[in-house]
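Below is one structure, written out as structure tokens; the observations come after it.
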Amino acid sequence: MSDNTINPKDFEQALQVGRPPNIQKLFPHSRALIVSGRFIDRAMIAKGKAITIAANGRSIFVIRGALQAAQRANASIIIEIARSEGGADAYCAVNYWNIARQVDALCNELGITIPVAIHADHYGIKKENDLAFAKVEIPTMFEAGITSIAIDASHMPDDKNLNANIALRPYIPEWAGLETEIGEIKGKEGLSTKEEAVFLIAGLNAHNIFPDWIALNNGTTHGIEESAQGIQVGLTAEIHEAISRYHVSGAQHGTSGNSSDRLREIAARTRTTKANVATALQMISWGLEVNDYGNAILDPDGNFIKVKNEGVTEEVWASMLSFAKEKGIKGGNFKKLNLPFENKFLGQPKSVRDRMVKRVEDFVYNMLVTVFNAENTAPTAIRLINDTGSYDPGPKAERIEDPKNWTPEKIREKAAAIDSDKGTAGNFDD
């Protein structure tokens, strides 16, 4: 049997040992291989210069299409939802508390055998007062099937970002994938620096916290806008190298506004193993005209272009436009249509629902195989699970920083010496 084929016996073993306790409890009879995000990261590292898509499942159509694409590519994948998309004030029907159930159901329905992680993206901490609520809410998300989380306190000063990550670590299972962030993710303003990255990762290391990923503000944008510069590959590589001794992988946000060539460069030249794709998948599922990397193409008047007989029906699209006009929703804020229209999408004929899914599948498959080099990483993840014999591979790093150098007082002193620019204020959570 080829090394790129999932051996049925290996799959059965991975099902027995690789599913975390929350997944075992929620889905005791399931054949969905839902795993810690740690194993997905490790599979990309094992292949080398490989990145998997973290598909923001703003609708069940996106989730279904992404899972089918990953199965077709034989690739490990992450399905995620951000706090703005699926938190307490969600604008999507998919949320932190039902996303695992949807993924599990679809994996069983479709016979998906590739490993999947369920990621809570951009769990935003905007101010210190948010911590008390987070300590209550985060455990509920893991109780609902989350297997990986991104703590995003990057909106706050560097010392408070570090302290927020330290404060919330006890509320995240030891086995779960963990992402942290620096420099509020917002595009070409307030770019992250290697000093910020070293400060955050070293400070976490001193407190026995070993993130799997770090997300940077490296010139990306969220939404439909294409950045003037796009992802700054050189800056990303420089920051990743500066923190290489801590064995942290990169998480690339805002991929929708960047060309395939630039994304291939990220895979080839940096330590990135996770790339978030959100807005592109939404637009593709709706049937909008996009370029080769998923950015919506606008007509001369700045309006979206609907491709006839693709995505949603023309009647539903007309209803979406009418609703948006009535509510004053424009451009990137079309994402707010997800929640009010999900049931209308589901009420379309099967042929229409299928074409929505197929559009997503084809796009994600192409990205996994021809852009991110993630093809055939599923058997690798399964081998890693079985070699570990556990749902937890453990951290990639060990403590090398002296805790005495990272007391609250010294954290404040070190942070004050960092020259960082957070850029203008804004809401860039997706």
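The values are calculated or read from the model by the stated rules, or taken from the named source; none is laboratory data. For clarity, every value in this text was computed on a predicted model and none was experimentally measured. As a convention, Cβ positions derive from the backbone with ideal geometry for all residues, glycine included, and neighbour counts pool all protein chains shown.
Summary table
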{"read-out": "Yes/no for Arg38 being buried (at least 16 other Cβ atoms within 10 Å of the Cβ) and among the charged types (D, E, K, R)", "value": "yes"}
{"read-out": "Residue satisfying all of: in region 173-187; assigned to a strand (DSSP E or B) and among the charged types (D, E, K, R); farthest from Phe210 (Cα to Cα) among these", "value": "Glu181"}
{"read-out": "Single residue of region 316-371 satisfying the filter (touching a Lys or Arg at 6+ places or on another chain (Cβ under 7 Å), β-branched (Val, Ile, Thr) and buried (at least 17 other Cβ atoms within 10 Å of the Cβ)) that is nearest to Ile266 (Cα to Cα)", "value": "Val371"}
{"read-out": "In region 239-262, residue farthest from Thr180 (Cα to Cα) [restricted to those that are among the hydrophobic types (A, V, I, L, M, F, W, C) and surrounded by fewer than 24 Cβ atoms within 10 Å (Cβ to Cβ)]", "value": "Ala242"}
{"read-out": "Cβ-Cβ under 8 Å pairs, at least 6 apart or on other chains, region 185-201 side closer than 21 Å to Asn163 by Cα, far side among the aromatic types (Phe, Trp, Tyr) and at pLDDT 95 or above", "value": "Ile201/Tyr246"}
{"read-out": "Set Ala206, Ala176: member being more than 30 Å from Ala66 (Cβ to Cβ) and either acidic (Asp, Glu) or buried (at least 19 other Cβ atoms within 10 Å of the Cβ) (or both)", "value": "Ala206"}
{"read-out": "Qualifying residues in region 131-156 (those that are hydroxyl-bearing (Ser, Thr, Tyr) and farther than 22 Å from Glu413 by Cα) - the one nearest to the chain's Cα centre (by Cα)", "value": "Ser148"}
{"read-out": "Criterion violated by Ala55 - all others in (1) at pLDDT below 95; (2) under 20 Å from the mean Cα position of the chain (by Cα); (3) not polar (S, T, N, Q) satisfied", "value": "(1)"}
{"read-out": "Evaluation of Lys306 against (1) at pLDDT 95 or above; (2) out of contact with any helix residue (DSSP H, G or I) (no Cβ under 6 Å at 6 or more places or on another chain); (3) basic (Lys, Arg) (one fails), failing number", "value": "(2)"}
{"read-out": "Qualifying position, being under 20 Å from Pro408 (Cβ atoms) and either under 19 Å from the mean Cα position of the chain (by Cα) or of a type outside the set (Lys, Arg) (or both), among Asp159, Asp121, Asp104, Asp89", "value": "Asp159"}
{"read-out": "Qualifying residue in region 292-315 (condition: surrounded by 12 or more Cβ atoms within 10 Å (Cβ to Cβ), assigned to a helix (DSSP H, G or I) and more than 24 Å from the chain's Cα centre (by Cα))", "value": "yes"}
{"read-out": "Test: Val198 is farther than 19 Å from Ile53 by Cα and at pLDDT 95 or above", "value": "yes"}
{"read-out": "Unique match (being β-branched (Val, Ile, Thr) and within 30 Å of Ala280 (Cα to Cα)) among Thr388, Thr407, Thr380", "value": "Thr380"}
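This table checks each residue for (1) of a type in the set (Gly, Ala, Ser); (2) surrounded by 15 or more Cβ atoms within 10 Å (Cβ to Cβ).
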residue	(1), (2)
Glu85	no, yes
Ala120	yes, yes
Ala132	yes, no
Val136	no, no
